[in-house]
Amino acid sequence: MFKDGIFDNVSIHEYYADKEYISSSALKEAVKSLNHFDYYYKKPSERKSHFDFGNCFELALMDAINGTDEFNQFVTVYDENERPEKDKGITSNKNQEWKKSILNSDKYVINKVGDESVETMNLMLESCIKDKVINALIKNTDYQKSIFWTDKKTGLKIKTRPDVCKISKSVIVDIKTTKDASPEKFSKDA
C-alpha cells in the first residue's frame, strides 16, 4: 500500500490500517513476545476516549498557534443535550442510534463538558498558548506527517507518525496529555 517516504496526505485510519510497516506500538509488543506482537495485529481496534481527547487537543493547539482550522474539520463535539429525543434518556432506541452515528464516524469525538471535554481542552490551550517554548516548538510546523522507511540493517519496514515535525530542521515533537504533569508521574507516563 505504501512505499518508503514522508507523506502528508495519509489519514489516521489509512496509517493504522497498513500492516506492511511496523509501528513503535507493535515493536513494543514484540519485545514482550511474538505472541503479544501477533495479538496486537489480530485484535480489532477500539475507540478510546483518551486517544480522541489527545488528538482533539493536538488539533486545537495547532490551530491556535499556526492559525489553521483543522479542529472543526476533524472533530465532532458530543453533547448529550443535543440528542433527538430530549424527553427520553440516552438509552432510547432513537437516542442510541444518534450516539452510535457520532461514535462510528471518521471524526474524533470530544465531550462538550466533563473530564475529557472541550471545557478541559480550552483550559489546557490557555496555558500552552502563553508558553514561549511551546510556541517556538510548534509554530510553522507540520502536523502528523506519516513517515515510512525500511531499516537497512534488519530489513524491517517501519513507520511513525509524529505529532509535530520540522523535517528541514530534523525536529520531532510528541504532544502528550496527562492528568498529572508532575515530573515523577509524567516521566512514567511518557
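Observations, loosely collected:
- Max mean-square fluctuation residue, GNM over the chain, Cα-Cα springs under 10 Å, options 179, 159, 112: 179
- Accessible surface ranking that places the most exposed of 70, 126 first, with a 1.4 angstrom probe: 126, 70
- Note on residue 176: aspartates and glutamates with a C-alpha under 17 Å away, same-chain residues under 8 apart excluded, are 52, 58, 63, 115, 116, 126, 131, 142, 163, 184, 189.
- Taking percent of Cα pairs over 31 Å apart as calculated from this structure, the corresponding entry among [x] 27; [y] 11; [z] 24 is [x].
- Here the chain exposes an accessible surface that is 52 percent carbon and sulfur, computed with a 1.4 Å probe and the other protein chains kept in place.
- Stretching the chain fully between residue 152 and residue 38 yields a gain of 38.7 nm (0.36 nm per residue, less the alpha carbon separation).
- Positive-end residue of 141, 103, 172, charge dipole of the chain with Cβ unit charges: 172
- Net charge dipole size for region 133-177 [Lys, Arg +1 and Asp, Glu -1 on Cβ; Debye, nearest 20]: 140 debye
- Charge dipole of region 71-190 (Cα centre as origin; +1 on each Lys and Arg Cβ, -1 on each Asp and Glu Cβ, all else neutral): 720 debye, rounded to the nearest 20.
- Estimated from helical segments only, the mean residue ellipticity of the chain at 222 nm is -12500 deg cm²/dmol, where each DSSP H run of four or more residues counts as -39500 (n - 2.57).
- The residues of region 103-190 present an accessible area of 68 Å² per residue when probed at 1.4 Å with all protein chains retained.
- C-alpha center-to-center spacing [region 7-57, region 129-146] in angstrom: 24 Å
The values are calculated or read from the model by the stated rules, or taken from the named source; none is laboratory data. What you see is a predicted model; the values in this text were computed from it and never measured. Virtual Cβ from ideal backbone geometry, glycine too; neighbours counted across all protein chains shown. In case anyone asks, the SASA skips ligands and DNA or RNA and just uses the protein heavy atoms, side chains included. Shrake-Rupley method; radii C 1.70, N 1.55, O 1.52, S 1.80 Å.
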